[in-house]
Amino acid sequence: MTTIRDVYVVDAVRTPIGRFGGALASVRPDDLAAHVVRSLVERTPRLDPARIDDVVFGDANGAGEDNRDVARMAVLLAGLPVSVPGVTVNRLCGSGLEAVIQAARAVALGDASVVLAGGVESMSRAPWVLQKPERAFPAGHQQLHSTTLGWRMTNPAMPAEWTVPLGEGAEQIADKHGITREEQDAFALASHRKAADAWAAGLYEGEVVPYPGVELARDECIRDSTSMEALAKLKPAFRTEGGGTVTAGNASPLNDGAAALLIVDEDGLRETGREPLARIRTSAVTGIEPQLFGLGPVEAVRRALTKAGRSFADLTTFELNEAFAAQSLGCLAEWPELDPRLVNPRGGAIAIGHPLGASGARLAGSVAHQLAAAGSGTGLAALCIGVGQGLALVLER
């Protein structure tokens, strides 16, 4: 019989999150991934890098410089021994958290003792792609598709209601729960203020590792001076004919960044010589109608808490990815037992940013750091996922 091992998060780091076309736009995604891998190893000098059993990285697009298994590229570029393997996973916006979950599962089952898990995305550098023609020598023009975000080259067999733009899906959630434009803007404003306050208080100093040679010490999309008045001036981005509520101001931006965690069992923990930040308990993944993707975390969170033998009342902190304010508020509406003050206490993706493949690892790392700062407690990390999924992870200390 297999003995399930305890799984610990020893450390977690991330880059500052760059805006689309901003400070990190000149940095390749494989170099971003290598930087957080290298940083984790350097921060744990007692750990022999050759003892790393695997490196698991999430990556949502993978169509450009992050092709050819970006996890393995990160291992090689970071200077780790060539004996250290790497695998890249894709669960779209949940890819980084999926990597953490897969790493934790391998450690829990005894397949590995020391694993690095994380995620990366450069939405700035995501390429345009050109489909091969169905026959040789086409005479007409060919279409380029952007791989930055959202549906492209959609299968015509997919029902049209499933393949609406992500922002239209957020509008449908706002309709479903009666969420107003003012409520969304207020949620976005709170995200910016909490993020700005957390940076000012030094709460990210032990977590963020700036990229060498790039002048970016803080998340680039935080707007310290924004206001309800400024947000109210922005036009709806998706329903432009009237009645729209989702704007660039109450949605997450396009971003670049990477994050990674060091995940170990008891033997690995002894080799690091460090006190763990937190312990990984349980996870859950669920599906939902694709257009209502934003509500994907609702059931995933409930299942993960149930498996952990916990309830919302046990939570110390909760990192919920803010793809859209409407989406986050829709989830909160379906969790009446949850104290909303526990959610994203250091700001969320609307302010910090949402580099698709990295976001889940950022959330898990943030929860681990917050639990370590508190000294004890139960934390949750959860994301909605395009095409209709939800993913959740429970950590404790």
Residue pairs, Cβ under 6 Å, 6 or more apart or interchain, first in region 139-163 and modelled with pLDDT under 90, second open to solvent by 60 Å² or more (accessible area, probe 1.4 Å). List them. 142/130
Out of the residues in region 301-337 that are farther than 23 Å from residue 388 by Cα and small (Gly, Ala, Ser), which is surrounded by the most Cβ atoms within 10 Å (Cβ to Cβ)? 308
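Those residues that are over 19 Å from the mean Cα position of the chain (by Cα) and either buried (at least 18 other Cβ atoms within 10 Å of the Cβ) or farther than 14 Å from residue 343 by Cα (or both), I need them from region 188-198; list them, please.
189, 190, 196, 197
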Among the residues of region 240-268, what is the count of those that are farther than 21 Å from residue 148 by Cα and outside any strand (DSSP E or B)? 10
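Does residue 185 fit the bill of being surrounded by fewer than 16 Cβ atoms within 10 Å (Cβ to Cβ), over 19 Å from the mean Cα position of the chain (by Cα) and among the charged types (D, E, K, R)?
Numbers: surrounded by fewer than 16 Cβ atoms within 10 Å (Cβ to Cβ): no; over 19 Å from the mean Cα position of the chain (by Cα): yes; among the charged types (D, E, K, R): yes.
No.
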Total residues in region 67-117, condition under 21 Å from residue 14 (Cα atoms), touching a strand residue (DSSP E or B) at 6+ places or on another chain (Cβ under 6 Å) and part of a helix (DSSP H, G or I): 16
Can you tell me how many residues in region 52-93 are open to solvent by 50 Å² or more (accessible area, probe 1.4 Å), touching a helix residue (DSSP H, G or I) at 6+ places or on another chain (Cβ under 7 Å) and polar (S, T, N, Q)? 1
Residue among 368, 361, 372, 351 that alone is over 19 Å from the mean Cα position of the chain (by Cα) and in contact (Cβ under 8 Å) with a residue 60 or more places away in the chain: 372
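Listed here are the residues, each with its yes/no results for (1) within 30 Å of residue 4 (Cα to Cα); (2) within 19 Å of the chain's Cα centre (by Cα); (3) open to solvent by 70 Å² or more (accessible area, probe 1.4 Å).
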residue: 112; (1), (2), (3): yes, no, no
residue: 117; (1), (2), (3): yes, yes, no
residue: 122; (1), (2), (3): no, yes, no
residue: 126; (1), (2), (3): no, yes, no
residue: 133; (1), (2), (3): no, no, no
residue: 139; (1), (2), (3): no, no, yes
residue: 145; (1), (2), (3): no, no, no
residue: 148; (1), (2), (3): no, yes, no
residue: 152; (1), (2), (3): no, no, no
Specify the residue that is farthest from the chain's Cα centre (by Cα); the eligible residues are those in region 226-252 that are basic (Lys, Arg) and loosely packed, with under 13 Cβ neighbours inside 10 Å. 233
Quick one: how many residues across region 274-291 are of a type outside the set (Val, Ile, Thr), buried (at least 20 other Cβ atoms within 10 Å of the Cβ) and part of a loop (DSSP other than H, G, I, E, B)? 2
Looking at the structure I just gave you, is residue 161 in contact with a helix residue (DSSP H, G or I) (Cβ under 7 Å, 6 or more places away or on another chain) and either under 18 Å from residue 238 (Cα atoms) or part of a loop (DSSP other than H, G, I, E, B) (or both)? yes
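Please pick out the residue among 203, 231 that is touching a residue at least 12 places away in the same chain (Cβ under 8 Å) and either acidic (Asp, Glu) or farther than 27 Å from residue 365 by Cα (or both).
231
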Within the group 12, 33, 23, which residue is assigned to a loop (DSSP other than H, G, I, E, B) and either at pLDDT 95 or above or among the hydrophobic types (A, V, I, L, M, F, W, C) (or both)? 23
Tell me which residues, restricted to region 94-110, are of a type outside the set (A, V, I, L, M), within 24 Å of the chain's Cα centre (by Cα) and open to solvent by 20 Å² or more (accessible area, probe 1.4 Å). 102, 105
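The values are calculated or read from the model by the stated rules, or taken from the named source; none is laboratory data. It should be emphasised that the depicted structure is a prediction, and the values quoted were computed from it without experimental measurement. So basically every Cβ, Gly included, is an ideal-geometry build from the backbone, and we count neighbours across all protein chains shown. Please note that ligands, DNA and RNA were not included when accessible areas were found on the heavy atoms of the full protein model with its side chains. Shrake-Rupley method; radii C 1.70, N 1.55, O 1.52, S 1.80 Å.
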